[in-house]
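The values are calculated or read from the model by the stated rules, or taken from the named source; none is laboratory data. Here the structure is a predicted model, which is why all the values come from computation and not from measurement. Here the Cβ positions follow ideal geometry from the backbone for every residue, glycine too, while neighbour counts run over all protein chains shown.
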Amino acid sequence: MPRITLIGYRGTGKSTVASLLADALGCDWCDADLILEKKLGCSIAALVRARGEAVFRDEEGIVLAESLKHFTGVLSTGGGAVLRAENREMLRRIGRPIVWLTAPAEVVRRRLAADPTTADRRPALAASPAGGLVAHGDPLAEVDSALEKRAPLYRECADVCVDTSIATPAAVVAQVVAWLDSEWANRHDRPSQGGRLPDQQGPGVMP
């Protein structure tokens, strides 16, 4: 099981924070999306274009399950890993503690626009005439609606939520480490509280 799991929408800094957090905790880290792409030999966007979103979500779930069962460091999950109920149940059961990294839609769009790999690696999932989802168009256009749809799902899984919109990655890591050493250390044996986030306040930390 992971030492700690990061969830959140793409562009919220999961991979960057995972790398720095692993250094701080003295452990390894992995990015579930990169594992999936290496396994399949193509980008996620290419996979969705060629085989559809359902196949991508199936493969994403397999990688998530394998990582949760066998990886022992900092796990950065795919942004849509929470969309399936079985993944959320698995995260809560064997992925804790879970940190939800957040940022407002305008910050996410700015970060994705500045990332030269966005168009090639990140699919925009839009409704097709047949009623399914296809990868096409601008990944930036769906940010608002996707964040609104996924926020309750992230909240259902998370033990704590950290806003990355202003704080530097190093500051985010410091907040997470402080939370691990204080609040989480005192509640790690408690059962899930129905997805409720702890009432913690501070720079970059949301209740």
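From the set of residues in region 149-184 that are among the hydroxyl-bearing types (Ser, Thr, Tyr) and buried (at least 20 other Cβ atoms within 10 Å of the Cβ), which is farthest from residue 7 (Cα to Cα)? If you could, list the steps in order and put the result at the bottom.
We begin by selecting, within region 149-184, every residue among the hydroxyl-bearing types (Ser, Thr, Tyr); these are 154, 164-165, 168, 182.
Going one step further and asking which of them are buried (at least 20 other Cβ atoms within 10 Å of the Cβ), we end up with 154, 164.
Details: 154: 7, 164: 12 Å.
Ranking the candidates gives 164 first.
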Could you list all residues from region 14-35 that are touching a helix residue (DSSP H, G or I) at 6+ places or on another chain (Cβ under 7 Å) and either at pLDDT below 95 or within 15 Å of residue 117 (Cβ to Cβ) (or both)?
16, 31, 33
Inspect all residues belonging to region 52-68 and state whether any of them is surrounded by 17 or more Cβ atoms within 10 Å (Cβ to Cβ) and touching a Cys at 6+ places or on another chain (Cβ under 9 Å).
yes
Residue in region 72-85 that is surrounded by fewer than 14 Cβ atoms within 10 Å (Cβ to Cβ), farther than 23 Å from residue 38 by Cα, modelled with pLDDT of 95 or more and more than 13 Å from the chain's Cα centre (by Cα) present
yes
Only one of 179, 184 that is modelled with pLDDT under 95 and among the hydrophobic types (A, V, I, L, M, F, W, C)
184
Of all residues in region 83-105, how many are part of a helix (DSSP H, G or I), hydrophobic (A, V, I, L, M, F, W, C) and either within 17 Å of residue 164 (Cβ to Cβ) or free of Cβ contacts under 8 Å to residues at least 12 places away in the same chain (or both)?
2
Looking only at residues that are closer than 18 Å to residue 159 by Cα and of a type outside the set (Gly, Ala, Ser) in region 7-24, which one is surrounded by the fewest Cβ atoms within 10 Å (Cβ to Cβ)?
9
